[in-house]
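The values are calculated or read from the model by the stated rules, or taken from the named source; none is laboratory data. Every value quoted in this text rests on a predicted model; they were computed, and no experiment measured them. Every residue, glycine as well, gets a Cβ built from its backbone with ideal geometry; the counts of neighbours run over all protein chains shown.
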Amino acid sequence: MSLRIGDIAPDFTIDTTKGPIRLHDWAKGSWVFFFSHPADFTPVCTTEMGRTAQLAADFAARNVKPLGLSTDTVKEHLKWIDDVNDTQDTDLQFPIIADEDLVVARTYDMIHPEESQTAAVRSVFIIDPALKIRLTMTYPMNVGRNFTEILRVIDALQAGDANRIATPADWIPGGKVIIPPSISNAEAKTLFPQGWKELRPYLRLTELAKV
Ligand code: BEZ
């Protein structure tokens, strides 16, 4: 059965480019952007790894640790990282899992046999500091992910946790947010003293204080 939002991210211990990692220890206290890619020395993957490395400061500012995975070896990953750094003008420092036996990829349902029996598709798991899976996305092998969206959705999850709000379509930080229907007007008066605009009783928009 595939993993779902709200599940605890299954633990594992595995070799990475930064040595062995036990997920639940390594992730402690941080958010994790856990993502798989099909193979080292391939073009789309090279750009994705480079983009993740370029965004290191943006992930750190959100208390997020990136963690890559493919079914290649540590030796292959390390050789490829030189190419990533060269071609994408970056310095990749986050760990990449070497899942040669497909153990983690199978646990996280990253192997989609109609695509490949041995290589992972482009899965994303956003894991929170309580080790809960908060978001999943699956992209095919030939489409690179949008890293602006990955940061945006992390911002939305964190803003939701901090303020008990939901975010509307195409929200970006600074935009209006939604007071969820589970919060009564009486409670909203305490939580959102700045007030709100009620378009419908179930659709109330407010603004968060700028940070
Ligand atoms: C790529 O990274 O370019 C790629 C990898 C596997 C299948 C298709 C594309």
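Data overview
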| read-out | value |
| --- | --- |
| Count of residues meeting criterion [within 16 Å of the ligand (Cβ to nearest atom) and without any contact (Cβ under 8 Å) to a residue 12 or more places away in the chain] in the range 131-158 | 1 |
| Hits in the range 86-118 - residues which are out of contact with any Ser or Thr (no Cβ under 7 Å at 6 or more places or on another chain) and either away from the ligand (no atom under 14 Å from the Cβ) or closer than 17 Å to Thr16 by Cα (or both) | Asp86, Asp89, Thr90, Asp91, Leu92, Gln93, Asp101, Val103, Val104, Arg106, Thr107, Pro113 |
| Of all residues making up the range 1-16, the number that are assigned to a loop (DSSP other than H, G, I, E, B) and not small (Gly, Ala, Ser) | 9 |
| Residue within the range 59-68 that is assigned to a strand (DSSP E or B), within 17 Å of Ala119 (Cβ to Cβ) and touching a residue at least 12 places away in the same chain (Cβ under 8 Å) present | yes |
| Extreme residue, surrounded by the fewest Cβ atoms within 10 Å (Cβ to Cβ), among residues of the range 159-189 that are under 15 Å from Ala209 (Cβ atoms) and free of Cβ contacts under 8 Å to residues at least 12 places away in the same chain | Ala162 |
| Condition broken by Ala156, with the remaining ones in (1) over 25 Å from Phe41 (Cβ atoms); (2) not in a helix (DSSP H, G or I) satisfied | (2) |
| Scan of the range 35-58 for residues that are surrounded by fewer than 20 Cβ atoms within 10 Å (Cβ to Cβ), free of Cβ contacts under 8 Å to residues at least 60 places away in the same chain and assigned to a loop (DSSP other than H, G, I, E, B), ordered by number | Phe41, Thr42 |
| Which numbered condition Val32 fails, given (1) closer than 21 Å to Asp155 by Cα; (2) surrounded by fewer than 20 Cβ atoms within 10 Å (Cβ to Cβ); (3) modelled with pLDDT of 95 or more | (2) |
| Residue in the range 61-72 that is away from the ligand (no atom under 14 Å from the Cβ), farther than 21 Å from Pro20 by Cα and among the aliphatic types (A, V, I, L, M) present | yes |
| Filter result (basic (Lys, Arg) and out of contact with any helix residue (DSSP H, G or I) (no Cβ under 9 Å at 6 or more places or on another chain)) within the range 139-193 | Arg152, Lys176, Lys189 |
| Members of the range 27-53 found to be in contact with a Leu (Cβ under 9 Å, 6 or more places away or on another chain) and either over 17 Å from Leu102 (Cβ atoms) or within 14 Å of the ligand (Cβ to nearest atom) (or both), listed by number | Ala27, Lys28, Trp31, Val32, Phe33, Phe35, Ser36, His37, Met49, Gly50, Thr52, Ala53 |
| Residue match in the range 62-84 (condition: at pLDDT 95 or above, among the small types (Gly, Ala, Ser), farther than 20 Å from Arg134 by Cα and touching a Leu at 6+ places or on another chain (Cβ under 8 Å)) | no |
